[in-house]
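First the structure, in the form of structure tokens, and then the observations on it.
The values are calculated or read from the model by the stated rules, or taken from the named source; none is laboratory data. Computed from a prediction, not measured in an experiment: that's the story for all the values here. Glycine gets a Cβ as well: all are built from the backbone with ideal geometry, and neighbour counts include every protein chain shown. Accessible surface is based on the protein model in full, side chains and every heavy atom, while ligands, DNA and RNA are left aside. Shrake-Rupley method; radii C 1.70, N 1.55, O 1.52, S 1.80 Å.
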Amino acid sequence: MSKVVIIGAGGVARVVAYKCAEYPGVFTEFMIASRTKAKCDEIAADIRKDLGYDKITTAAIDAEDVPALTALLREYQPELVIHVALPYQDLTIMDACLAAGVHYLDTANYEPKEEAKFEYSHQWAYQERFEAAGLTAILGCGFDPGVTSIFTARAAKHIFDEIHYLDIVDANAGDHGKAFATNFNPEINIREITQNGKYWENGEWVEIPPFSIRKDLTYPDVGPKASYVLYHEELESLVKHFPTLKRARFWMTFGDEYLTHLRVIQNIGMAGIQPVMHKGVEIIPLEFLKTVLPDPGDLGENYVGQTSIGCRIRGIKDGKEQTYYIWNNCHHAQAYKETRAQGVSYTTGVPAMTGAMMLLTGAWGGAGVFNVEQFNPDPFLAKLGEHGLPWHEEIGGDLEL
Ligand code: NDP
């Protein structure tokens, strides 16, 4: 029925490709295009072996080269680009989609290379151009942002009359056996967590030093884990689209060992994003660090334990206070068995494929740039469990927050 192009060939792209291949009725053929073609070929070969799906084309592309990417899209003629390369490429890929007349979907908001600053303004500025072209751009369709935003939309639509307090809680209770590794691109991950924390309260952003608010939260099937408030990009679009929110925070778990490594990395300057001279060559310390850290795509094999990510929400229903918790747990080992990728790649790739399916089957659509909470959450959540991420909910429990 539809052709898509997947851009990127990391852990998330691998999961998206596996998942598209599992639904050949929707994804009749697809291309994997990335900077290193050999990585695209490896994913295509694994899928051919594991699933017998062989309608995959691969290509080398620099997604920051708009004319080259436009030419590739014009030649292959997909309906949709699923962008799971890096956030640095969001705008150039959106430009190429506009030039070639192709819908767009991503999992992370644009970030300039020279400044660790996550905000939607750059991509929301494409609203008129996508509208005029009659094309859809779907922003942030991974797990967080993505499923957490859709969980919130479900709460607002079905569970509450008004939502007031939102806490997104993200636990990774997995163990990959390495002293220090990040679960997705180390450069993007370290930039995200070393910036100041930020949350929304009473109509304004409250900024806090990194890791300065900590609480032990209990996660289903996982137990208590030290959780820290940090800024996460979906907060920006959620407080815009759900203006009844009085407070919105994001919590993520970190172990003491991880935080110690991170502190040392920062103290010795290895988290720097400004260029320094090394033996006559300009290098960026954080980029160099990425080359010596474990590749997140290689963590899967011995990864045990699970992730647990969800939304804890308080609000009003029929004039009374109500609490609500909606979450998914995902086992790293199960994700690896199915796709040869670990749970964090899996929880990002499955929603990206599901969002793509929503667009291609007409359940989601419209001309313009959309965050996922602006769409109907029901058809997406009806498919998410079947696609590998079953979700659970509880009304009226103790939220701890
Ligand atoms: P990886 O670093 O494993 O993979 C990134 C891929 O993008 C690599 O294959 C890389 O190529 C390719 N790439 C980088 N630059 C370019 C370029 N200029 N042109 C073409 N390809 C390029 O990352 P992950 O798979 O772990 O993550 C992918 C995305 O998912 C990231 O944007 C990340 O922020 C997002 N994410 C979102 C989450 C969510 O819940 N919303 C959670 C986790 C991740 P090469 O192989 O040559 O380096």
Scope segment 281-313; condition of a type in the set (A, V, I, L, M, F, W, C) and under 20 Å from the mean Cα position of the chain (by Cα); matching residues: 299, 309, 311
Scope segment 267-282; condition open to solvent by 50 Å² or more (accessible area, probe 1.4 Å) and touching a strand residue (DSSP E or B) at 6+ places or on another chain (Cβ under 9 Å); matching residues: 275, 276, 277, 282
Failed criterion for residue 321 (all others in (1) over 29 Å from residue 148 (Cα atoms); (2) open to solvent by 30 Å² or more (accessible area, probe 1.4 Å); (3) not aromatic (Phe, Trp, Tyr) hold): (1)
Test: residue in segment 57-66 that is touching an Asp or Glu at 6+ places or on another chain (Cβ under 9 Å), open to solvent by 50 Å² or more (accessible area, probe 1.4 Å) and not in a loop (DSSP other than H, G, I, E, B): yes
Residues that are more than 16 Å from the ligand (Cβ to nearest atom), in a loop (DSSP other than H, G, I, E, B) and surrounded by fewer than 17 Cβ atoms within 10 Å (Cβ to Cβ), drawn from segment 28-56: 52, 54, 55
Residues being in a helix (DSSP H, G or I), open to solvent by 20 Å² or more (accessible area, probe 1.4 Å), among the aliphatic types (A, V, I, L, M) and within 14 Å of the ligand (Cβ to nearest atom) - total across segment 83-137: 1
Checklist (1) more than 8 Å from the ligand (Cβ to nearest atom); (2) more than 20 Å from the chain's Cα centre (by Cα) applied to residue 19, failing item: (2)
Some residue of segment 59-77 being away from the ligand (no atom under 13 Å from the Cβ), closer than 24 Å to residue 232 by Cβ, of a type outside the set (Asp, Glu) and free of Cβ contacts under 8 Å to residues at least 12 places away in the same chain: no
Only listed residue being open to solvent by 20 Å² or more (accessible area, probe 1.4 Å) and either touching a helix residue (DSSP H, G or I) at 6+ places or on another chain (Cβ under 8 Å) or touching a residue at least 24 places away in the same chain (Cβ under 8 Å) (or both), chosen from 224, 243, 209, 220: 220
Qualifying strands (runs of 3 or more DSSP E) (wholly inside segment 279-383; at least 3 residues being at pLDDT 95 or above and of a type in the set (D, E, K, R)): 304-317
Among (1) assigned to a helix (DSSP H, G or I); (2) within 14 Å of the ligand (Cβ to nearest atom); (3) among the small types (Gly, Ala, Ser); (4) over 19 Å from residue 350 (Cα atoms), the one test that residue 149 misses: (4)
One residue from 159, 168 being within 14 Å of the ligand (Cβ to nearest atom) and among the β-branched types (Val, Ile, Thr): 168
Boolean, residue 273 is within 23 Å of residue 139 (Cα to Cα), touching a residue at least 60 places away in the same chain (Cβ under 8 Å) and under 24 Å from the mean Cα position of the chain (by Cα): no
Number of positions in segment 307-357 that are in contact (Cβ under 8 Å) with a residue 40 or more places away in the chain, aliphatic (A, V, I, L, M) and more than 12 Å from the ligand (Cβ to nearest atom): 7
Test: residue in segment 164-186 that is touching an Asp or Glu at 6+ places or on another chain (Cβ under 6 Å), crowded, with 18+ Cβ neighbours inside 10 Å and outside any strand (DSSP E or B): no
Test: residue in segment 204-224 that is within 16 Å of the ligand (Cβ to nearest atom), under 21 Å from the mean Cα position of the chain (by Cα) and not aliphatic (A, V, I, L, M): no
Every pair of residues 6+ apart whose Cβ atoms lie under 7 Å, when the first sits in segment 250-266 and is open to solvent by 30 Å² or more (accessible area, probe 1.4 Å) while the second is in a helix (DSSP H, G or I): 266/194
